[in-house]
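Remarks on the structure that follows.
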Amino acid sequence: MGLDGKAGIDLTRLPAHVGCVMDGNGRWAQRRGLPRTEGHAAGEEALLDTVEGALELGIRWLTVYAFSTENWRRPPDEVRYLMGFNESLLQRRRDELHERGVRIRFAGRRDWRVPRRLLRHMDDAMATTERNRRMTLVIAFNYGGRAEIVDAVRRMVAEGVPASRVDERAIRSRLYLPDVPDPDLVIRTSGEFRISNFLLWELAYSELVFTDTLWPDFRREDLFDAVREYQSRDRRFGGVERVGHR
Ligand code: IPE
Ligand code: IPE
Ligand code: MG
């Protein structure tokens, strides 16, 4: 990293939408002899600094994976902690994000397992920030890529869409946030090389960047590194020639 963390980034070829699989909180805590939940708490600073970095660059869309449809398999204490933690994070950070011009939205299932109080804070955060346009922060919460496709198909069937009308547009328009552009860049931390059910439909042509950094240690400089890596890639979208970047 140089003196200017943004050095070498071409601001005319930024990813419009960056996705983050915020992984490695548990291991970060375990390495320090702390309970896993301390790792989640430490992830808050990583998230806020990443948002700052995205604002600094001028990235318009940022989606972060906060809780998956599979994370309910964790011990009840950890699940309970994560529900309370996300509620308090929204409560504590909402106004600050609002002042920064960030619009907060959510992707995922609003099912009975999500505590009602948390749903209320989610609605509050959305309502407070809905007119902001500097950047949209999508929090994927109780989100699963397969569940999202299942929910879209269910809606199509419920609406009586005939088979001849089922195409990519019909499915895409029924995803949770159909107006959000597909992610150009998806970052996964903690040295795991997998997607873990994140944005399955949307990441068909995303550039994937994997880093060993554990999420609580992730900072805007790591985002800048990932953007530089993204800009060195050759995107072809199935064609022959380099399409370049949006
Ligand atoms: C990611 O960190 C946070 C959530 C999935 C909520 P982990 O809790 O998965 O951390 P590791 O992967 O066990 O280290
Ligand atoms: C993905 O991380 C989900 C989130 C970051 C919210 P996991 O830790 O749940 O994924 P796996 O279990 O390692 O695949
Ligand atoms: Mg994990």
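The values are calculated or read from the model by the stated rules, or taken from the named source; none is laboratory data. Computed from a predicted model, the values in this text were never measured in an experiment. We place every Cβ from the backbone using ideal geometry, glycine too, and count neighbours over all the protein chains shown. Surface areas here come from the heavy atoms of the whole protein model, side chains and all, with no ligands, DNA or RNA. Shrake-Rupley method; radii C 1.70, N 1.55, O 1.52, S 1.80 Å.
Things worth noting here:
- Expected 222 nm ellipticity per residue - DSSP helices of 4 or more, -39500 (n - 2.57), all of the chain, to 500: -13000 deg cm²/dmol
- R0 of 35 Å, Cβ-Cβ distance residue 99-residue 236: FRET efficiency to nearest 0.05: 0.30
- For the range 131-246, the share of accessible area belonging to carbon and sulfur comes to 50 percent (1.4 Å probe, ligands and nucleic acids excluded).
- Projected-area average for the chain over all orientations - Cα convex hull basis, square nanometres: 14.8
- For the range 1-41, the residues whose amide N sits under 17 Å from a probe point set 7 Å from the Cα of residue 192 along the beta carbon direction are 19-31, 36-41.
- Of all DSSP-defined beta bridges confined to the range 20-231, some 0% are antiparallel rather than parallel.
- Estimated FRET transfer efficiency when R0 is 22 angstrom, pair residue 34-residue 77 (beta carbons, to 0.05): 0.90
- Inter-label distance for residue 13 and residue 228, nm, one decimal - labels placed 7 Å from Cα along Cα-to-Cβ: 1.5
- Here the label points at residue 200 and residue 44, each 7 Å from Cα along the C-beta direction, are separated by 3.3 nm in the simple model.
- Treating r as the C-beta distance of residue 243 and residue 166 and R0 as 30 Å, the FRET efficiency rounds to 0.60.
- Accessible area (Å², per residue) of the range 1-159, counting only protein heavy atoms and a probe of 1.4 Å: 51
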